[in-house]
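Asker: Next up is a structure, given as structure tokens.
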Amino acid sequence: MTDEISPDLFEHLVDLAAFAFDPEEAEYLRRELNNQLKAIHQLENVPLADDVPLASHGVTYTAETRAGLRPDNWAPCENPDEILAQAPQVENRYIIVPDIPHTKLD
Amino acid sequence: MTLMDQSAFITAQKVKAGERSAVEVLESALERIAVVDGRPGSLDYGELTDEDKAKVHAFITLTADRARQQAEAVDAKVRAGEAVGPLAGVPLSVKDIFTVKGMPSTAASRILATFTAPYTATAVQRLEAAGAINLGKVNLDEFTYGSSSESSAFQPSPRNPWDTSRVPGGSSGGSTASVAAGEALLSLGTDTAGSIRQPAAFCGVVGVKPTYGRVSRYGLIAFGSSLDCPGPVAANVRDAALMLGAMAGADPHDSTAAKVPVPDYLASLEQGVQGMRIGLSPDYMKITFPDAETGELVEQDLPEEIKAATLHAAEVLARLGAEIVEDVPMPHTAYGIPAYFVISRVEAASNLHRYDGVKYGYRTQSDYHDLNEMYRKTRAEGFGLQPKLRILMGMYVSAAQYAEQYYARALRVRSLLRSDFDAAFDPAGAYKLDALLTPTTPTTAFKMADVYGDSVLMQYADQLTVPANHAGIPGLSLPGGIASDGLPIGVQFLAPDFAEETLFRAGQAFETATAAEAWRKIKPEVLR
């Protein structure tokens, strides 16, 4: 049985996900992905009539149960310094990141 | 017998009446933790010793000083004759997937190991406001991704108090282990595919997955946002009902927290099951899983002991006046895990993209030249294998060219899983059930390391619990017996949306009626 996620496709996914793996890790992850896909393919055995809707949630929200939107009121953050202190690199209250590479789009 | 061998309900009554102080109860909890828990989970854990293998390791962060301040505040109120909440003085542990202001909130992941939350989750805030004494954070599978708690980056991972060579289940394994070992009287967990009910069954305690929207998710570090449910872990049904009542209800911070009134669960607890229609389904008496070689589905009956415990519960409930309805069809049960493999991964991938080493959490300590390299190294070093698997699968099945084939199909199958329950609970339908009674898990707790690494087999541990997450309905697992291997067996009640009262009534009736049965006298190994 051919693996659905080939080594090339796996590398593409890894790049999109912004990961980097050693060969052993990569082999484990690719094998598990392919095994999970075997289970996922069982969904093809389920007869689906055209009127079966997509369910983004199990429980239906009604006008009575839906919380509704909060008023869009501005309120100051209570502890901005505490939140900034969580960032790995901060200078003069700016969060610092390394150079952002630029790609020229054709 | 210590103060930690009493129920949360009785403890709160005694603290409120001034018969016991919250500080005394807390000291009893800390003593128990000192005896049974061993070293807390950490990133730099070294070799496991024989002593480690005999301990529970429920906790990552124990906040004894903070807990003492809370206990002293409760006692001061009692002395002053001021009102205290329904959980006054009750020691609580919190799964480390909830934020608590000023406390490390790690999700059991290296990527959040240094994160100190700047705000408190609504569920935690409400429990503390009700008088619960927060002991600290308990361990879990990394970002809740697993069914054994072994994938935590913080090792030693929790062990089953009934047999420390076994897993406690997961992902709320630290929660259920802490309650089973009497380290906490209550614990706050989360259930995305069975992560409260499965470890509750493995550890011989009560676990409740409330209706989706019954409890606010504000401050819950998200896994599958359409599936995640915070819920109680307790030693008995009354305590679970007490805890849910204290934390349920609408929340302006979470638009999915439903505007549905919270009933007084304790008021109806003793109403019994007379006239209640409780269903049994053959679709919950077997497991279906893909053959590792061919990928074809293989069907297998559940172990006899697991089936027998469920049938015993049905007999007990029938004697109490419930009408047992057999052969209720739940035809899509076997597709719960395949649909979950898609839906949960898409939601997990979306939620995990926020961890990038910029705003909070871990950033790689090695050299990097630009932002992309920093992202790659941070995420590769910060995430364990299970989050990586979920991100990769989530991206694959939701990619534009595959989304219809995988994601849309899974969401439509989710509709069918929901329709199984709608048909069973329809008051005008053929079955008119008040509740469905099923086994909670296909097996008792498995050996540490036996399943870990096989992500497919691990996921199928949730086969009997995950349909309720797809459907959003509430479920409760409670002890139903002890197997010949000496480990607890769980039985599960499932009920219609927001019918947690029904679960508590049925659970309480079963618990009371079986109180004198021999298996209930058996204690977890670490307490013998």
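The values are calculated or read from the model by the stated rules, or taken from the named source; none is laboratory data. Since we're looking at a predicted model, the values are computed, not measured. As a convention, Cβ positions derive from the backbone with ideal geometry for all residues, glycine included, and neighbour counts pool all protein chains shown. Just so you know, the surface numbers come from the protein's heavy atoms only, side chains and all, with ligands and any DNA or RNA stripped out. Shrake-Rupley method; radii C 1.70, N 1.55, O 1.52, S 1.80 Å.
Asker: Only protein chains counted, 1.4 angstrom probe. Which residues of the stretch B:100-128 are at least 20 Å² less accessible in the assembly than when their chain is isolated?
Answerer: B:Lys101, B:Thr116, B:Pro118
Asker: Place +1 on the Cβ of every Lys and Arg and -1 on the Cβ of every Asp and Glu in the stretch B:3-267, take the dipole about the Cα centre, and give the residue among B:Ser151, B:Gly204, B:Val15 whose Cα lies farthest towards its positive end.
Answerer: Of the options given, the answer is B:Val15.
Asker: Could you compute the net charge surrounding B:Val23? Neighbours are other residues with a C-beta less than 11 Å from the C-beta of B:Val23; K and R count +1, D and E count -1. Please list the in-between numbers first.
Answerer: Values: positive: B:Arg20, B:Arg68; negative: B:Glu24, B:Glu27, B:Glu72, B:Asp75.
Once positives and negatives cancel, what remains is -2.
Asker: Would you mind putting B:280-289, B:198-207 in packing order, based on average other-beta-carbon counts within 10 Å, highest first? It would help to have the intermediate numbers written out before the result.
Answerer: Numbers: B:280-289: 18.9, B:198-207: 34.0.
Listed from highest to lowest mean packing, they are B:198-207, B:280-289.
Asker: Placing unit charges on C-beta atoms (Lys and Arg positive, Asp and Glu negative, everything else neutral), compute the dipole magnitude of the protein assembly as shown about its Cα centre in debye, rounded to 20. List each step's numbers first, then the result.
Answerer: Details: 55 positive and 83 negative charges, 339 e Å.
Dipole of the protein assembly as shown, to the nearest 20 debye: 1620 debye.
Asker: Of the beta bridges DSSP finds with both residues in the protein assembly as shown, what % are antiparallel, to the nearest 5? Could you put the intermediate results ahead of the total?
Answerer: Details: 38 of 51 bridges.
About 75 percent, rounded to the nearest 5.
Asker: With a 1.4 Å probe and all protein chains left in place, how much accessible area per residue does the stretch A:1-46 have, in Å²? Mind showing how you got there, number by number?
Answerer: Details: 2350 Å² over 46 residues.
Each residue of the stretch A:1-46 exposes 51 Å² on average to a 1.4 Å probe.
Asker: Hey, another quick one. Just give the residues from the stretch B:380-397 buried by at least 50 square angstrom of accessible area in the all-chains context relative to the isolated chain, probe 1.4 Å, and say none if nothing qualifies.
Answerer: Output list: B:Leu385, B:Lys388, B:Leu389, B:Leu392, B:Met393, B:Met395, B:Tyr396.
Asker: Counting Lys +1, Arg +1, Asp -1, Glu -1, what net charge surrounds B:Leu280 among other residues with beta carbon under 12 Å of its beta carbon?
Answerer: Values: positive: B:Arg277, B:Lys307; negative: B:Asp283, B:Glu315, B:Glu323, B:Glu326, B:Asp327.
Here the count lands on -3.
Asker: Rounded to the nearest 100 Å², what is the buried accessible area between A and B, both sides summed, probe 1.4 Å? Display every interim value, and only then the final one.
Answerer: Details: alone 10740 and 19740 Å², together 24530 Å².
The A and B chains share an interface burying roughly 5900 Å².
Asker: How high is the relative contact order of the stretch B:3-267? Use alpha-carbon pairs under 8 Å, at least six apart in sequence, and give a whole percent. Please list the in-between numbers first.
Answerer: Details: 696 pairs, mean separation 50.5, N = 265.
Averaging sequence separation for qualifying contacts and normalising by length gives 19 percent for the stretch B:3-267.
Asker: Could you tell me how far the Cα centroid of the stretch B:217-249 sits from the Cα centroid of the stretch B:466-481, in Å?
Answerer: 13 Å
Asker: Please name which of A:Gln36, A:Leu9, A:Val46 has its Cα lying farthest along the dipole of the stretch A:1-46 towards the positive end, using unit charges on Cβ (Lys, Arg +1; Asp, Glu -1) and the Cα centre as origin.
Answerer: Of A:Gln36, A:Leu9, A:Val46, it is A:Val46.
Asker: Here's a follow-up. Scan chain B and report its longest stretch carrying no GluC sites (Glu not before Pro) that are both in a DSSP loop and have at most 15 other Cβ atoms within 10 Å. It would help to have the intermediate numbers written out before the result.
Answerer: Numbers: sites that count: B:Glu19, B:Glu47, B:Glu82, B:Glu293, B:Glu296, B:Glu326, B:Glu517.
Segment B:83-292 is the longest.
Asker: Return the subset of B:Lys137/B:Lys388; B:Lys95/B:Lys286; B:Lys53/B:Lys307; B:Lys95/B:Lys432 for which the Cα-Cα distance in this structure is over 26 Å, preserving the input order. Spell out each step's value before the answer.
Answerer: Working: B:Lys137/B:Lys388 24 Å; B:Lys95/B:Lys286 31 Å; B:Lys53/B:Lys307 31 Å; B:Lys95/B:Lys432 36 Å.
The answer is B:Lys95/B:Lys286; B:Lys53/B:Lys307; B:Lys95/B:Lys432.
Asker: Now a separate question. With a 1.4 Å probe and every protein chain kept in, tell me what percent of the accessible surface of the protein assembly as shown is carbon plus sulfur. Walk me through the intermediate numbers first.
Answerer: On the way: 12630 of 24530 Å².
Exposed carbon and sulfur together represent 51 percent of the surface.
Asker: Can you give me the Cα centroid spacing of the stretch B:1-78 and the stretch B:345-363 in angstrom?
Answerer: After rounding, the separation between the Cα centres reads 33 Å.
Asker: Please average, across the residues of A:89-98, the number of beta carbons from any other chain that are within 10 Å of each residue's own beta carbon, and give a whole number.
Answerer: On the way: counts 3, 0, 0, 0, 0, 0, 3, 1, 9, 11.
Average neighbour count from other chains, rounded to a whole number: 3.
Asker: Here is a follow-up. About the Cα centre, and with charges only on the beta carbon of Lys, Arg (+1) and Asp, Glu (-1), how big is the dipole of the stretch A:1-46? Nearest 20 debye, please. Don't jump to the answer; show the numbers that get you there.
Answerer: On the way: 3 positive and 11 negative charges, 50 e Å.
Computed charge dipole of the stretch A:1-46: roughly 240 debye.
Asker: Ok, one more. About the Cα centre, and with charges only on the beta carbon of Lys, Arg (+1) and Asp, Glu (-1), how big is the dipole of chain B? Nearest 20 debye, please. Walk me through the intermediate numbers first.
Answerer: Details: 48 positive and 62 negative charges, 233 e Å.
Dipole about the Cα centre, nearest 20: 1120 debye.
Asker: Let's test this: bin the Cα-Cα distances of chain B at 20 Å from zero up to the farthest pair and state each bin's percent.
Answerer: 24, 59, 16, 0
Asker: Calculate the length of the line joining the C-alpha centroid of the stretch A:38-68 to that of the stretch B:264-301, in whole Å.
Answerer: The stretch A:38-68 and the stretch B:264-301 have Cα centres separated by 20 Å.
Asker: Then there is this: Which lysines, if any, have their Cα less than 26 Å from the Cα of A:Lys104, not counting same-chain residues under 8 positions apart?
Answerer: Candidates past the 8-residue exclusion: B:Lys377.
Asker: Counting Lys +1, Arg +1, Asp -1, Glu -1, what net charge surrounds B:Pro263 among other residues with beta carbon under 13 Å of its beta carbon?
Answerer: Every neighbour counted, the sum reads -1.
Asker: A further question on this structure: Kindly report the accessible area of chain B per residue (heavy atoms of protein chains, probe 1.4 Å, no ligands, DNA or RNA), in Å². If you can, show how the numbers build up before the last one.
Answerer: Details: 16890 Å² over 528 residues.
I get 32 Å² per residue for chain B.
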